[in-house]
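Heads up: the structure comes next, in structure tokens.
The values are calculated or read from the model by the stated rules, or taken from the named source; none is laboratory data. Computed from a prediction, not measured in an experiment: that's the story for all the values here. Glycine gets a Cβ as well: all are built from the backbone with ideal geometry, and neighbour counts include every protein chain shown. The accessibility values were calculated without ligands, DNA or RNA, using every heavy atom of the protein model including side chains. Shrake-Rupley method; radii C 1.70, N 1.55, O 1.52, S 1.80 Å.
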Amino acid sequence: MNAIEKRIEELYRYNPDVAAPLDLTKFWNRTIKEAKECPCVGVRVQTETPFPAMDVYHVTYEGYDNTPLKGWYIVPKFTMERSLPCVVLFHGYTGGKGYPEQYADWLMLGYAVFAVDVRGQGGETGNQMDSEYGMTKGWITQGILDKDTCYYKAVAVDAMKAIEWVASQLEIDASRIVVTGDSQGGGISLLAAAISDTPSIVVANIPNMCHMDFGLLNSTGSLTEAAEFLNRFPEHLNAVLTTLSYFDILHLADRIDIPVMMSVGLKDTVCMPETVFAAYNRISSEKILNIYPFTGHAVSGYQKRKVFEFLKMHL
């Protein structure tokens, strides 16, 4: 057995002894119920594009705390089909939904697209959440001392509302909705698959939000914001760990009951292999993990091709 095989074998056996909160199910049942009780409100406005084969709509829909969220809704122009599969895309940390033309490959695959901003980050969407305690740079530490004020709770409900909105569109077959993203987007996709019963497939490339206690100590990514918060306020360590545990895919993996594709780079220092494997190993539904021994925090063209093949096989 060579060193690469040994490393992978060890990771497949990795199962950290970290307990989930006792009221995890109660918390999520309440959060989901409250989200479903809020009406799904959204408006789409057709906009111009230089690509003649797509119809593009600029969407504003309401998320958690009525924050207006922005997205691109894109459908093939020349199709007569009114039951399209749809991919809901969540971007990486500090990014945004970008421009509609960058999603043309999905339309060539025969999919509609709903690419959304994550609140407060690098898109058009703001953030109306209150913050009663100080934050470090970025967004991760907003409300991090309590599960009900945590930024991740708002992001989770926002994702639910994005899926709910697009599932209601006339062009979309609500039984064929894929949630996907890279890094932060991968973590949100897994979270959405755990709390929403609408998606039929989840593709999470190099996902974050997995085994976050490990990431807090070792990652060079967004969790460094939480690490810096604890460096300033060490008395809040237990509160922060408790809050993050409610949104950790490690504890939500058993709620995922749809086919899953994930990817991991063994040289990734942001979404580290230990964190990805820890979550993947606890998923009990149909699943596949594409492992790239020499890749860091990146998604290759080869992986993107594997994603398309996976979706073609399942939808």
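Just a few scattered comments:
- For segment 278-315, filtering for residues that are touching a residue at least 60 places away in the same chain (Cβ under 8 Å), open to solvent by 50 Å² or more (accessible area, probe 1.4 Å) and assigned to a loop (DSSP other than H, G, I, E, B) leaves 4.
- Residue list for segment 252-277, restricted to those being out of contact with any Lys or Arg (no Cβ under 6 Å at 6 or more places or on another chain), outside any loop (DSSP other than H, G, I, E, B) and either at pLDDT below 95 or aliphatic (A, V, I, L, M) (or both): L252, M261, M262, V264, V276
- Flag set for I163, criterion: on the phi < 0 side of the Ramachandran plot and surrounded by 23 or more Cβ atoms within 10 Å (Cβ to Cβ).
- Given (1) modelled with pLDDT of 95 or more; (2) under 22 Å from the mean Cα position of the chain (by Cα), number of the condition C40 does not satisfy: (1)
- Residue that is without any contact (Cβ under 8 Å) to a residue 24 or more places away in the chain and either open to solvent by less than 50 Å² (accessible area, probe 1.4 Å) or more than 25 Å from I177 (Cα to Cα) (or both), where the choices are Q142, Q102: Q142
- Odd one out for L266, checked against (1) closer than 27 Å to A112 by Cβ; (2) hydrophobic (A, V, I, L, M, F, W, C); (3) in contact (Cβ under 8 Å) with a residue 24 or more places away in the chain: (1)
- Cβ pairs under 8 Å, 6+ apart, first in segment 107-118 and charged (D, E, K, R), second surrounded by fewer than 24 Cβ atoms within 10 Å (Cβ to Cβ) and in a strand (DSSP E or B): D117/K70
- Members of segment 128-149 found to be of a type in the set (V, I, T) and farther than 15 Å from V118 by Cβ, listed by number: T136, T141, I144, T149
- Some residue of segment 126-137 being among the small types (G, A, S), within 24 Å of A193 (Cα to Cα) and surrounded by fewer than 22 Cβ atoms within 10 Å (Cβ to Cβ): no
- Residue among A35, A3 that is out of contact with any His (no Cβ under 6 Å at 6 or more places or on another chain), under 23 Å from S245 (Cα atoms) and among the small types (G, A, S): A35
- Residues (under 13 Å from V276 (Cα atoms) and open to solvent by 20 Å² or more (accessible area, probe 1.4 Å)) located in segment 184-207: none
- For segment 289-315, the set of residues classified as under 17 Å from the mean Cα position of the chain (by Cα) and closer than 19 Å to V179 by Cβ consists of L289, V299, K304, V307, listed by residue number.
- Index of the failed condition, D248 passing every other in (1) crowded, with 18+ Cβ neighbours inside 10 Å; (2) over 18 Å from the mean Cα position of the chain (by Cα); (3) acidic (D, E): (2)
- Taken over segment 105-138, the residue count meeting the criterion of being over 17 Å from V179 (Cβ atoms) and of a type in the set (A, V, I, L, M) is 4.
- Complete set of residues in segment 1-58 that are open to solvent by 80 Å² or more (accessible area, probe 1.4 Å), aromatic (F, W, Y) and within 30 Å of A104 (Cα to Cα): F51
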